[in-house]
Amino acid sequence: MSEEWIKVAAPATISNLGPGFDVFGMALKDPYDVVYARRTDGGVKVVSIEGPGSEGLPLDPLRNSAAIAAEEVLRRSDADFGMDIKIVKGIRPCSGIGSSGASAAGGAFAANIIAGGVLSDTELVLCAAHAEEVTSGGLHADNVAPSLLGGFAVIRSYMPLEVVRIEPPDHLGIVVAMPDVIVGTKEARQVLPSEVSVKDLVFHVGNASCLVNAMMTGDLDLLGRSVKDAIFEPARAHLIPHLKEAKDAARSHGAKASFLGGSGPCVISFFNKETMDGSSIAEAVKSVFLSNDIGCESWITSPGEGCREV
């Protein structure tokens, strides 16, 4: 038995967001992955993968994040059927904007549609987070939660999972600059400290609290002051050449904040859409990398909605 293909768009995401390591995440309007799926007699299979970096991604359903998430959805739904999956990557793997998370979210979302939509949003996030744990070596939902739900997501708790969704400000603009540098999620997690000082803990709590307030009130100046990280970005900075110069260039051209996206190498910059279009920020960050013989691609985008059938 097989049925017609359904098509799901699964957005890229910014995770960590300054002081919110493994807690804060936000969906982007673009780029995004597209996951095609159809019901079959049995087993989850990845039929094909296309797009940037697809040649390095596994067709093996036991190692592919979309397939792992879909299999978990079918298991929780007590489904007696399988799925074929086709993935068109719009998000390069090892980008820092949730490439594997988008595929996992898209796989989970598509599987839930095929299974009749029996799982809750929280269950879907758990299924996609399970895929992230298998593929990256650590349980984290700060990519898959916003990719599924859209907007700005706060992971209040992992055990049990509780996600709070906040609608970001309409005037928040985002520049994503992706240099031609590869940073694997597993590698980036291995360099993190196992303990933090009370001073750094207090610093993060204060900034994280104000960042949430800024998202809710639309205070972009406060948002810019609150995207601070004293622990995780400094530990990863050596993995991304010229990171400091890129962030300085963004701020000197009007960015409210500039920081490392996820585990890198993407450099994320926030700006006010009411006063500028972000193009000067994008060009300034790109020029830092290009002048050092490192290719760089960029997007000027905004917060986006979650997974959707298209």
Looking at region 153-183, which of its residues are within 30 Å of ILE300 (Cα to Cα), surrounded by fewer than 15 Cβ atoms within 10 Å (Cβ to Cβ) and not β-branched (Val, Ile, Thr)?
ARG156, GLU167, ASP170, HIS171, ASP180
Given the conditions (1) outside any helix (DSSP H, G or I); (2) surrounded by fewer than 21 Cβ atoms within 10 Å (Cβ to Cβ); (3) acidic (Asp, Glu), which single one is not true for ASP200?
(1)
Go through region 166-182 and give me each residue that's touching a residue at least 60 places away in the same chain (Cβ under 8 Å), more than 18 Å from LYS247 (Cα to Cα) and among the β-branched types (Val, Ile, Thr).
ILE182
May I ask you to say which residue of PHE81, PHE109 is over 25 Å from ASP30 (Cβ atoms) and aromatic (Phe, Trp, Tyr)?
PHE81
In region 270-285, residues that are buried (at least 22 other Cβ atoms within 10 Å of the Cβ) and either closer than 18 Å to ASP170 by Cβ or touching an Asp or Glu at 6+ places or on another chain (Cβ under 8 Å) (or both) total 3
Checking PRO19, PRO61 in turn, the sole residue that is surrounded by fewer than 23 Cβ atoms within 10 Å (Cβ to Cβ), part of a loop (DSSP other than H, G, I, E, B) and not acidic (Asp, Glu) turns out to be PRO61
With the structure loaded, tell me whether LYS7 is in contact with a Ser or Thr (Cβ under 7 Å, 6 or more places away or on another chain), among the basic types (Lys, Arg), at pLDDT 95 or above and under 26 Å from GLY151 (Cα atoms) or whether it fails that test.
no
Considering only residues of region 26-56 that are touching a residue at least 12 places away in the same chain (Cβ under 8 Å), of a type outside the set (Ser, Thr, Tyr) and closer than 19 Å to VAL183 by Cα, which is surrounded by the most Cβ atoms within 10 Å (Cβ to Cβ)?
PRO31
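State all residues of region 22-34 that are in a strand (DSSP E or B) and within 18 Å of GLY261 (Cα to Cα); if no residue qualifies, say none.
Selection gives PHE24, GLY25, MET26, ALA27, LEU28, LYS29, ASP30, PRO31, TYR32, ASP33.
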Hey, ARG236 hits all of (1) farther than 20 Å from ARG92 by Cα; (2) touching a strand residue (DSSP E or B) at 6+ places or on another chain (Cβ under 9 Å); (3) of a type in the set (D, E, K, R) but one; which does it fall short on?
(1)
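The values are calculated or read from the model by the stated rules, or taken from the named source; none is laboratory data. Computed from a predicted structure; not experimentally measured. In this analysis, Cβ positions are derived from the backbone assuming ideal geometry, glycine residues included, and neighbour counts consider all displayed protein chains.
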